[in-house]
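Structure first, commentary second.
The values are calculated or read from the model by the stated rules, or taken from the named source; none is laboratory data. A quick note: this is a predicted structure, and the numbers were derived from the prediction, not measured. With ideal geometry, Cβ positions are generated from the backbone for all residues, glycine too; neighbour counts draw on all protein chains shown. Ligands, DNA and RNA are stripped out before the accessible areas are found, and what is left, the full protein with its side chains, is counted by its heavy atoms. Shrake-Rupley method; radii C 1.70, N 1.55, O 1.52, S 1.80 Å.
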Amino acid sequence: MSSGVRPSVRMEEVARHAGVSPATVSRVLNDRGKCSAKTRERVLAAIRDLGYVANAAARSLAQGRTGSLGFLLPTVGTDFMSSFLQVVASAATEEGYDLLIALRSESSLHRMLGRHNTDGVLIFGAAMGEASLRRIAAEGFPALLVYRSSPPGLSLPSIVIDNEAGVREAIAHLVQVHGRHRIAFLRGPAGNEDAARREEAYRGALLRHGLPFDPRLCRGGLGAEEARASTIALLRDQAAFDAVVGWCDAASIGAMDALRSEGRRVPADVSVVGFDDIGPARHLDPALTTVRPPTELVGRLAVLELVRRIQGVATEPQARLPVELIVRRSCGCSG
């Protein structure tokens, strides 16, 4: 027999050539069940002789697996999301899975969770409503929340970061190192857990340092444009402030742009701190002081934990990962 590849060869032909049943060939291919070393070698020799190529897709379906992971996102249009998506895609590939990406919508959700579409799904932040989360939990479909805690009463595993510690450290640095006492905060979108926790931490940190909360200093900062408008409004309302903390780097970048356009110097007049440490942060002038989450670790751990759930391995209810304050020049430091 020729050893050249013949894609049309079927498992039954391999079985006849080896003198075994198709079920035995299947056990050898999938490394499952009992099979003597002699029989196994006969099957492998037949595979080599016939040039049999297993149909991976058919094998996956037979095993009830698709070889794909779903990833439901609220958006892909930010620097942070782009870099995070790359990490998740790389980790999925390393684990032997394809990644099916969908934006938040009920139609995307139904397709992603349909039979033979994905083996499990990662859900980023508020990309899925609570009603759908409850349905997934009730069905027992493997799912893992990323940057979001499981709603009360549900047992969905999650991976979050220590938002509170990051904001507390940023505020403490501004107060203790740079003597800032009128610190504005640019808040994120409603319904975003990270944004809510960062704003709550901002208020708590002010109290910890004996600083009053001034509602005039807490403005919208959904993205760079809104943060820019909010910062200009602060200046024109004459709400005195000597520092700005953005709920994300994009908000802080918008604030820096506004301060520059209004003749304010960063950091001489106003210190600025962000959160996320996106790629452009270090290349700004001045470079942005920011809180760095372990983005790569979050992405890789999310994939690993989801794969473990697909395999039926018990996982921790929630992983809470530490963050780090990255000190650069926008706060007033020389580093």
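Here are the numbers for the structure shown:
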| item | result |
| --- | --- |
| Hits in segment 294-335 - residues which are assigned to a loop (DSSP other than H, G, I, E, B), closer than 23 Å to residue 252 by Cβ, touching a residue at least 60 places away in the same chain (Cβ under 8 Å) and out of contact with any Cys (no Cβ under 6 Å at 6 or more places or on another chain) | 294, 322, 323, 329, 330, 331, 332, 333 |
| Checking residue 197 against (1) basic (Lys, Arg); (2) part of a loop (DSSP other than H, G, I, E, B); (3) surrounded by 14 or more Cβ atoms within 10 Å (Cβ to Cβ), the condition it does not meet | (2) |
| Qualifying residue in segment 73-94 (condition: at pLDDT 80 or above, of a type in the set (Gly, Ala, Ser), assigned to a strand (DSSP E or B) and touching a Lys or Arg at 6+ places or on another chain (Cβ under 9 Å)) | no |
| Segment 230-249 - residue that is assigned to a helix (DSSP H, G or I) and touching a strand residue (DSSP E or B) at 6+ places or on another chain (Cβ under 8 Å) and, of those, nearest to residue 290 (Cα to Cα) | 249 |
| Hits in segment 274-288 (condition: within 22 Å of the chain's Cα centre (by Cα) and not in a loop (DSSP other than H, G, I, E, B)) | 274, 275, 279, 280, 281, 282 |
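For every residue, the table says whether it meets (1) open to solvent by 40 Å² or more (accessible area, probe 1.4 Å); (2) of a type in the set (Ser, Thr, Tyr); (3) modelled with pLDDT of 95 or more.
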{"residue": "249", "(1), (2), (3)": "no, no, yes"}
{"residue": "267", "(1), (2), (3)": "no, no, yes"}
{"residue": "279", "(1), (2), (3)": "yes, no, no"}
{"residue": "284", "(1), (2), (3)": "yes, no, yes"}
{"residue": "302", "(1), (2), (3)": "no, no, yes"}
{"residue": "309", "(1), (2), (3)": "yes, no, no"}
{"residue": "321", "(1), (2), (3)": "no, no, yes"}
{"residue": "327", "(1), (2), (3)": "yes, no, yes"}
